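Report on the structure given below.
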Amino acid sequence: MAKVDDAELLEVVGRMVRISSPSKPYFTRGVQLTKLDIVRYFLAVAPGALRGILDRPVVLKRFVNGAEAEPFYQKRAPSDLPEWMRTVTLSFPSGRTAEEVVVDDAAGLAWIVNLGCMELHPHPVCTGDLDHPDELRVDLDPQPGVVWTDVRAVAMEVKALLDELGLVAWPKTSGSRGIHINVRIEPRWSFIEVRRAALALARAVERRCSLASSKWWKEERHGVFLDYNQNAKDRTTCSAYSVRPLPDARVSTPLRWDEVMTCDPADFTVLTMPNRFANIGDPHAAMNEHADVLDALLEMAARDEAEGIDDAPWPPHFRKIEGEPARVQPSRSRTSAVKKATKKKVTKAEGEDVDPAAAPVAKKGRRQSTMPLIVIAQSSDKAAAEAGLERWKEKHPEAAALLAPDDVLVDRMRGSAYVWYRIRVNLRHVPEASRPTQGVPDPDDDPTRAWSDLQEQPS
């Protein structure tokens, strides 16, 4: 290892990789880790980390100022790509294309980590066939307040169903609060078909397990959400051995199934993972030896359709798909009663008074809430928004005591140049007469307001 200016040169599989600002702090609030520490971690677990990204286009999620600052996503390969790094042209649902980075060895892994890529986000395709995924991804996303025990229970239910269907499943911690379960598949099906299979799986698990939810809209979810849309084209999840931006530098860790019900995700960190990897190896070492088929899941999807169960919403940036329901939050859709009211016409003959008891005609375009949701706080600072929620609970203790864990909705809102947080509360479990009314959010920092006010000004 040679020092060049403020950089370190590492020799990795015969290549020289420049690590800029090696002493730059990446974690300070819990463990103390520098950029070079993170690079060395990935090199220690390189065979496992490469298994999830090798020969795949990778979205660069860059934590250029460490884990405690906001990252940004970079789809296009940097202009200063080393001559030994590959790219591949990937098309997006929008119709645009980009040259994305492909990692072939540990040197390439070290190079992207130097860019701040602690979370590795590969697409579920290999460069030889970019239109047919070779992996089905089951993302178990616990809703606010859901405990780890429930996440593990849903994971075991997923395994039971996949076992029945003859599919080999590979679990790992998400590195945060959830669990990812991946299934290697033959690259025979399109993204639409793979997503369709994932949706059928999510709905089947929901029917079998009361803790599971397949509902897309946050206000309808409960328990553990099976995010089927992670299988849509251009969606990625962090792969095995990724480092998550939590104070303890937690790692997304491959597990054996006999570990799922006893493990604690807090045990798997940048500091502990190299020893685990050296002692037991990679629990997913045989993953690429299995390539399953989706026939059984697609048959389940066909049965759902035959029974009148429609498609579910797609991510917002996708074009409208045939058979997809209205892509609008339930709380923003009109109730059936309002729809009937808009169709009902109140008429009168000449000289006749209108019955004052007749139902009024709802104004066209007015949105009526189907759920008692109120906005509590909105801020670019998540901690400030959460503090606002606590103040609201102190102000309304009776209502707060009746909230279920998944009645608190924390939305991470993303704009072209900003990220902000909105916290809403669903008052469905609070008696109507006791429900607090919508007040001014505290704090009330909405970065879209200036744009909205501008749009409303007369031209």
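Every read-out reported here was derived from the displayed coordinates using simple, explicitly stated rules and does not represent laboratory data. Owing to the predicted nature of the structure, the values given are computational and were not obtained by experimental measurement. Here the Cβ positions follow ideal geometry from the backbone for every residue, glycine too, while neighbour counts run over all protein chains shown.
Pairs of alpha-carbon atoms within less than 8 angstrom and 6+ residues apart define the contacts here; what relative contact order does the chain have, in percent?
Result for the chain is 12 percent.
Calculate, in nm to one decimal, what Lys320 and Asp129 gain on full extension: separation in residues at 0.36 nm each, minus their alpha carbon distance.
Here the answer is 66.3 nm.
Working out 0.36 nm times the residue gap between Arg86 and Ala306, then minus their Cα-Cα distance, what length gain in nm do you get to one decimal?
Net length gain for the segment: 74.7 nm.
For Ala401 and Trp148, what does the FRET efficiency come to when R0 = 22 Å and r is the distance between their Cβ atoms, rounded to the nearest 0.05?
So the FRET efficiency works out to roughly 0.40.
Given axes a ≥ b ≥ c from the Cα gyration tensor, I'd like to know whether the range 2-130 is rounded (a/c under 1.5), prolate (a/b larger than b/c) or oblate.
Since a/c reaches 1.5 and a/b is larger than b/c, the shape of the range 2-130 is classed as prolate.
Quickly work out the Ala285-to-Arg208 label distance, labels modelled 7 Å from Cα along the C-beta direction, and quote it in nm with one decimal.
3.0 nm
Using the structure shown, select from Lys24/Lys172; Lys75/Lys233; Lys172/Lys215; Lys215/Lys382; Lys61/Lys233 the pairs with a Cα to Cα distance greater than 20 angstrom.
Lys24/Lys172; Lys172/Lys215; Lys215/Lys382
Does the range 38-102 come out rounded, prolate or oblate, given a ≥ b ≥ c as the square roots of the eigenvalues of its C-alpha gyration tensor, rounded meaning a/c under 1.5 and, failing that, prolate meaning a/b above b/c?
Verdict is oblate for the range 38-102.
When the chain is fully extended, how far beyond the present Cα-Cα distance does Arg188 get from Asp444, taking 0.36 nm per residue of separation?
Between Arg188 and Asp444, full extension yields 87.2 nm more.
What percent do you get for the relative contact order of the range 53-116 when only Cα pairs under 8 Å and 6+ apart count?
Answer for the range 53-116 is 40 percent.
Spelling out what I want: for every residue of the range 398-407, take phi, set θ = phi - 60°, compute 6.51 cos²θ - 1.76 cosθ + 1.60 (Karplus), and round to whole Hz; glycine and proline get x.
For the range 398-407, the Karplus-derived couplings read 5, 5, 4, 5, 8, 6, 7, x, 8, 7 Hz, x marking Gly and Pro.
Under a point spin-label approximation (7 Å from Cα along Cα-to-Cβ), what is the Asp163-Ala278 distance to one decimal in nm?
Inter-label distance under the simple model: 3.5 nm.
Could you pull out which residues in the range 67-105 have an amide N less than 20 Å from a spot 7 Å beyond the Cα of Asp55, following the Cα-Cβ vector?
In the range 67-105, the label zone of Asp55 (backbone N under 20 Å from the point 7 Å along Cα→Cβ) covers 84-91, 100-105.
So for the pair Asp411, Ala7, with labels modelled 7 Å out along Cα→Cβ, what separation do we get in nm?
So the two model labels end up 4.4 nm from each other.
Quickly estimate the mean residue ellipticity at 222 nm for the chain, helices only: each DSSP H run with n ≥ 4 gives -39500 (n - 2.57), and the total goes over all residues, rounded to 500.
Helix contribution divided over all residues of the chain: -8000 deg cm²/dmol.
Assuming a ≥ b ≥ c are the square roots of the Cα gyration tensor eigenvalues, decide whether the range 112-253 counts as rounded (a/c under 1.5), prolate (otherwise, with a/b larger than b/c) or oblate.
oblate
If you plug each phi of the range 129-140 into the Karplus form 6.51 cos²θ - 1.76 cosθ + 1.60 with θ = phi - 60°, what whole-Hz ³J(HN,Hα) values come out, in order, with x for Gly and Pro?
For the range 129-140, the Karplus curve yields 7, 7, 9, 10, x, 10, 8, 9, 10, 10, 9, 8 Hz.
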